Amino acid sequence: MANASTDLDNAEAQRQLNNNNRPASTGFWETETTSAKLFECSRIKALADERDAVQKKTFTKWVNSHLARVSCRISDLYNDLRDGYMLIRLLEVLSGEMLFSDAAVVLKLDVLEAGKMGKHKNLSEFDKGQIVMARRQGQSISKTAALVGCSRSAVVSIYQKWSMEGTVVNRLQGHGRPRLINARGERRLVRVFRSNRRATVAQIAQEVNAGFDRKGSEYTEHHSLLRMGLHSRRPVRVPMLTPVHRRKCNSGHPRPTRGRMRIHCLENVDKALQFLKEQRVHLENVGSHDIVDGNHRLTLGLIWTIILRFQIQVIKIETEDNRETRSAKDALLLWCQMKTAGYPEVNIHNFTTCWRDGLAFNALIHRHRPDLIEFHKLTRSNATHNLQQAFNIAEQSLGLTKLLDPEDVNTENPDEKSIITYVVSYYHYFSKMKALIVEGKRIGKVLDNAIEAEKIIRRYEALASDLLEWIEKTISIISNQKFANSLSGVQQQLQAFTTYCTIEKPIKFQEKGNLEVLLFTIQSKLRANNQKPYVPHDGNLISDINKAWERLEKAEHERGVALRKELIRQEKLELLAQRFDHKTTMRQAWLNENQRLVSQDNFGYDLPAVEAAMKKHEAIEADILSYEERISVVVELATEMESEGYYDIRRISARKENILGQWTLLKELVVGRKARLEKNLALQKTFQEMVYMIDWMEEMQVKLLSKDYGKHLLEVEDMLQKQSLQEADISIQAERVQTLNTAALKFTTIEGYQPCDPQVICNRVNHVNTCLEELKQLAAKRRLELEDSRELWAFFQEVEESEAWIREKTSILATQSCGKDLSSVLRLLQKHKTLAGELLARRALLQQTMKKGKQILTQKSFGTAGIQERLMEAKAEWKRLEDQAAQRLCNLQEALDFFQFSTETDDLLAWLQDTYRLVSSEDFGHDEYSTQSLLKKHRGVRESIDKHRVQVVGLRKHMVALPLYYRELDEVRARMSETEQLYTEVAEVAVLRQQWLHDALAVYRMFSEVNACEVWIDEKEQWLNQIEVPERLEDVEVIAHR
């Protein structure tokens, strides 16, 4: 609002200035328009002044209504707030906080400002210069302090010092020295401080110095904390607190000092504005100097901002339809609409014209206190009466300050902010009244709940006593453990117990659950009424009932278990007697049958028959062993009936002894028959192994009698390996035959039962030994034959390898060329030398092979046909290979000579061409020195040319020595002619160039002498021109002599 009014004044002044600057020679209509605009502006300004007056009166009353709590009052809103004292008191009343510490507000800096602003002694010379320049240019103290970042007292003291002394330089000893704590140290100090805000300066200094190279004292650390805005006004060793903590820890009620100077007023107002900023109140274009200077519109704007923050901002209304939450002005307007809904001629949609008739104020009061106003008698036309009645009743009956007068509202454009301020007081009052009504209803409800809870408690105690009495009686009945000594009697007792568990007990269990629910209901009601919890008397607690019920269930469980055990015992004895009779009958018949079966010895006369008899016996034995459990079952049944005291136990014991006797006899028969079977089985297995061994030796004899000695070396080697394996098998089988013979002969010496005739065993042993000797002889003969075959095929393979190698080298020699250049020919010669070495090595191998072949021929073994022919063929191929290698070497030597000639020719041509370019050059020097240098180089070239004449002659001889094939080539003849011709030209040109260089040297020497003469003449001429004729005769003679 203040900004809008200021802009309006500026616009009006600008329009007036434009009107004054406009020329007077305008027409009549322009004069009329200007007058209308001036009238409109004056009318707008009058309305604004009227609105400001209403706001001032309303805000003054509102401020006084709150300052009355601290026995303060203002008369003029603009003047009484200038010193900041009343403004601070108002904020303290509204916020409920003490704003400052024990230090004076204006004489010293407060803790928060000192944490943000720098002190006088901490400012640099540049900062002090900025302060002086800003004050000289007319800047205010607050703006200068904000510009530099220091306190306002520092600005005042620095400017006063400059005014009085003419300088702001600090002459303290040590001022300007580098700080002990640099930027890195400051960052570390901030981290340590923020890690523990309750730490003292001594603790902070100790932690900082622990990891820092440059140690600082506590004073230095404290001074650095002050400089960075982290300091406190408290002593050095007291824990450092944040500004918010310091404000909350203040115990006194300080009073701001009423300073008479302007700076004191600025300090107080600044503190109030700073507090509003801490409360997150946005203050735009409002400074302390504006309030101290008494700016009307900005003062009203500040008060309105305070009203918004502490009175209107807390309003929040939730609608019932969509649960939408609104706040501030919209929430207040919605509250008014909700409270006046249903009242005729009351339609609130703003805070200006809708309140002019006064019906809205009366409707708000009537909605909450219908006994104070007869709303149906009010009329819309009598607005002044309606407003006066509402304001008076609100002040007299409700205690609301009369912030407005009827004439302030009953205007064409009522002030919105004034009406909102007054309506807010209605909202807060009726909200408190509603809370009191709700509190009374809650008290009545609490009393009703207490009475109801008392009734439920008496009911609980009666039910608990009855239930405990029933539990004790039932426990005494079911604890009796005496049972009938018969199956039918025990069954009747069990039926009675089951009836109790299924019919009588569930009813009592339901009563117990109802008691727990009833106690929970009692506790819930008492807790809801904030009453002391109900504790039942000893013995009626839920825990007591649960313990009694547990004892009942324990007795019940013991009774049920005992009944079931007794019933099971009686039934078990009857069943055991029946099972024992049935099983003993079956076991007797089975024992008789198996005794007859194991008494027979028909085992058979071969291994399959004996093995079949053994398997049958094992089956019988397994059946008998498995039947032992059944015998033990009969014994266990008899023992169990004896332990349980069965009445016919004598008969049971007699039958048990009979079964055990027959069982012992059957086991003895089985053991004797098994021993006889094992002897027969061992002998038949030995015979069977002998049969297998004889069959194996017959198969081996067939293999050893074979006439296949192999068709090549690999096959013979394989057959020899197989022969080695067969011989190893024969050795192993010989040991096995010896083992079998020993085992068979043992049966001829045993006493008692013999499974076979001893003579039969001896005949079989002799037959096996004879077959083994024959097999060994055949194996030795077979090995000799295979070794002869291997030697023959090894010779054939070596011959084939030699022939293949010879053919391979022959093909290589036939396909290789003689090279394309000198390097390739040299490589081929190196390869041929390697081949010659291989030929020498292969010659020795071939001779050894020939020697082996002759030995085989002399032995005259099988397969010697064709050996002599193979030897002759190998010798012929070797001869051809040697001849071809010699021819190859000759060709390579000729090619080497040819390519060496070509290389020498190319090198000589290249040198001649370079020399020709050098001797044919047109550079003869530009002076005597350069010509002499060229002549010296040319002499060296002439000497080189003379030396290369020998190479040209040698090259011609080399060409003559080439083979006829290479010598007749056109390329060879052409290159030789080209070389000789080029050499002749180079020699001739060299002679001419030497003559030319001599001529040029003579010319340059003549030029040098001419130049020297000209210089001498010039010098003498200058001397003659400068000489003067002397007056004395002696001097004339001297000059003449010179």
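With respect to Asn540, determine if the residue is at positive phi and either assigned by TED's automatic domain parsing to the domain that holds Lys505 or outside any loop (DSSP other than H, G, I, E, B) (or both). No; evaluated as a whole, the condition is false for this residue.
Figure legend. Inter-residue proximity from the stretch 825-839: first residues closer than 18 Å to Asp897 by Cβ, second residues of a type in the set (Phe, Trp, Tyr), beta-carbon distance below 8 Å, spacing 6+ or different chains. Indicated pairs: Val825/Phe899. A single entry from Gln173, Gln160 fulfils the requirement of being at pLDDT below 75 and either touching a Phe, Trp or Tyr at 6+ places or on another chain (Cβ under 9 Å) or of a type outside the set (Ser, Thr, Tyr) (or both): Gln173.
Taking (1) of a type in the set (A, V, I, L, M, F, W, C); (2) touching a helix residue (DSSP H, G or I) at 6+ places or on another chain (Cβ under 8 Å); (3) not in a helix (DSSP H, G or I) in turn, Val535 satisfies each apart from (2).
Of the residues that sit in the stretch 510-556 and are among the basic types (Lys, Arg) and under 56 Å from the mean Cα position of the chain (by Cα), which one is surrounded by the most Cβ atoms within 10 Å (Cβ to Cβ)? If we take residues in the stretch 510-556 being among the basic types (Lys, Arg) and under 56 Å from the mean Cα position of the chain (by Cα), then Lys525 is surrounded by the most Cβ atoms within 10 Å (Cβ to Cβ). Only one entry of Leu276, Leu225, Leu241 meets the criterion of being at pLDDT 75 or above and over 21 Å from Arg184 (Cα atoms), and that entry is Leu276. Does Leu8 satisfy the condition of being surrounded by fewer than 16 Cβ atoms within 10 Å (Cβ to Cβ), over 30 Å from Asn268 (Cβ atoms), modelled with pLDDT under 75 and hydrophobic (A, V, I, L, M, F, W, C)? So Leu8 passes the test. Looking only at the stretch 595-617, residues that are touching a residue at least 24 places away in the same chain (Cβ under 8 Å), polar (S, T, N, Q) and part of a loop (DSSP other than H, G, I, E, B) come to 1 in all. Candidates Asn64, Asn79: the one that is at pLDDT 85 or above, in a helix (DSSP H, G or I) and touching a Cys at 6+ places or on another chain (Cβ under 9 Å) is Asn64.
Looking only at residues that are in contact (Cβ under 8 Å) with a residue 40 or more places away in the chain and assigned to a helix (DSSP H, G or I) in the stretch 399-418, which one is nearest to Thr352 (Cα to Cα)? By that ranking, first place goes to Glu416. On the stretch given as the stretch 311-355, residues that are surrounded by 18 or more Cβ atoms within 10 Å (Cβ to Cβ), part of a helix (DSSP H, G or I) and at pLDDT below 85 total 2. Determine, yes or no, whether Ser789 is without any contact (Cβ under 8 Å) to a residue 60 or more places away in the chain and hydroxyl-bearing (Ser, Thr, Tyr). Judged against the criteria, Ser789 is not a match. Only a single item in (1) in contact with a helix residue (DSSP H, G or I) (Cβ under 8 Å, 6 or more places away or on another chain); (2) part of a helix (DSSP H, G or I) is not met by Glu395, and it is number (1).
Of all residues in the stretch 525-574, those that are among the aliphatic types (A, V, I, L, M), over 21 Å from Lys482 (Cβ atoms) and either in contact with a strand residue (DSSP E or B) (Cβ under 9 Å, 6 or more places away or on another chain) or in contact (Cβ under 8 Å) with a residue 24 or more places away in the chain (or both) total 5. Scanning the stretch 562-620 for residues that are in contact with a Leu (Cβ under 7 Å, 6 or more places away or on another chain), of a type in the set (D, E, K, R) and more than 28 Å from Trp663 (Cα to Cα) turns up just one, Glu571.
Filter the stretch 144-157 down to residues that are among the aliphatic types (A, V, I, L, M) and modelled with pLDDT under 80 and give me whichever is farthest from Asp127 (Cα to Cα). Going through the qualifying residues, I end up with Ala146. Taking the criterion of being touching a Ser or Thr at 6+ places or on another chain (Cβ under 7 Å) and basic (Lys, Arg), the only residue of the stretch 960-1019 that qualifies is Arg975.
Could you check the stretch 691-711 and list, in sequence order, the residues that are farther than 21 Å from Leu772 by Cα and either exposed (fewer than 12 other Cβ atoms within 10 Å of the Cβ) or in contact with a Gly (Cβ under 9 Å, 6 or more places away or on another chain) (or both)? Lys707, Asp708, Tyr709, Lys711, listed by residue number. Scanning the stretch 620-648 for residues that are touching a residue at least 60 places away in the same chain (Cβ under 8 Å) and surrounded by fewer than 14 Cβ atoms within 10 Å (Cβ to Cβ) yields Glu644, Asp648. The set of residues from the stretch 419-438 being among the hydrophobic types (A, V, I, L, M, F, W, C) and without any contact (Cβ under 8 Å) to a residue 12 or more places away in the chain comprises Ala435, Leu436, Ile437, Val438.
The values are calculated or read from the model by the stated rules, or taken from the named source; none is laboratory data. Values in this document were obtained by computation on a predicted structure and should not be read as measured data. No Cβ is skipped: glycine too gets one built from the backbone with ideal geometry, and neighbour counts run over all protein chains shown.
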